[in-house]
Amino acid sequence: MIGQFSVSQESGYDGHCSKHKSCSAVGGAHFMITVVIPTYNRCDFLKAAIDSVLSQTYRDFELIVVDDGSTDNTIDLIRSYGDSLVYLKQDNQGPSAARNRGIELSRGDLVAFLDSDDRWHPDKLLIQVEAMEEEPGYLISHTGEVWYRNGELLRQKKKHEKLPGYIFERSLSMCMVSMSTVIARRELFDNIGYFDERLPCCEDYDLWLRASLQYPFLLVDQPLTFKEGGRADQVSVIYRVGMDRFRIQSIVNLLEKEILSVEQREQAVTELRKKCRIYGNGCIKWGREEEGRRYLRIPELSGKLNNVNDEIRMRNDERNPNDE
């Protein structure tokens, strides 16, 4: 069941996402942006995320908060914002479904994502939109970010460095784009599809992999996004052990579609072999021999990837809604 209203039923929400009250463009940029915040029992963090959007110097936006079945005081917080945002409530289906719902109802030329425990610099939208206006050939852009863990500034490793351009090969090993940094043109989703709702984890890795297969990424190399981490309710913690099985599934998805160039296919198969070897041997080490041997066989099952993917999906048929 999905409920949708502009903060309260009595506000007369007509099923369309209304633009933010003050919609004057700034600095010559003229795109309307839909900002999508998925949330699940994050009331204590959601306020900072919403406030960082409503404080943007770029004013031509609509804000959609998709509540993925929260049981905390999220609705009370939302009501305090009046008609500054659109609130959608749905049964718990996970972060991919929540983000997809926001995309489906968006009216913006551009779609931006913000996790409910992250926040933005006040000029984030302005700087990023102006960069995309100057580079109209890009369908997707991302920014630099600052990381915090338990309130302490966290130094990022070299492997986490943000990259511009065609990043497919680098994106195979790990997620190279952070969700809360992204702005994408609606056309991107028309071309590559939405978030894969079958994935309880690594859905961002999967989407950026599909995007980088065809399109370059515009990098706005400024720390405009502030990311909070280190809590037990985050999917990156919940699935810390065994996370690569979802990345393996994403790579297999690409290979079975047969849309890769010869070079991209070689890169994907090389990374698939590496991930299957590491994950498979790890399973065997921890007493899950049957699962381990199944993953070790995956790269060699040429022409049978559909069957492989069915097995992986059955193994991964578990969903946790907390990475929102």
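Is one or more of the residues making up region 94-114 touching a residue at least 12 places away in the same chain (Cβ under 8 Å), on the phi > 0 side of the Ramachandran plot and crowded, with 22+ Cβ neighbours inside 10 Å?
Yes: one or more hits.
Identify all residues within region 241-283 that are β-branched (Val, Ile, Thr) and more than 23 Å from the chain's Cα centre (by Cα); write none if there are none.
262, 269, 270, 278
This table checks each residue for (1) within 17 Å of residue 205 (Cβ to Cβ); (2) part of a helix (DSSP H, G or I).
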{"residue": "263", "(1), (2)": "no, yes"}
{"residue": "269", "(1), (2)": "no, yes"}
{"residue": "272", "(1), (2)": "yes, yes"}
{"residue": "278", "(1), (2)": "yes, yes"}
{"residue": "283", "(1), (2)": "no, yes"}
{"residue": "287", "(1), (2)": "no, no"}
{"residue": "293", "(1), (2)": "no, yes"}
{"residue": "296", "(1), (2)": "no, yes"}
{"residue": "299", "(1), (2)": "no, yes"}
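Laboratory data are not the source of any read-out in this text; all were calculated from the coordinates shown. Here the structure is a predicted model, which means the values were calculated and not measured. Note: ideal-geometry Cβ built from the backbone for every residue, glycine included; neighbour counts use all protein chains shown.
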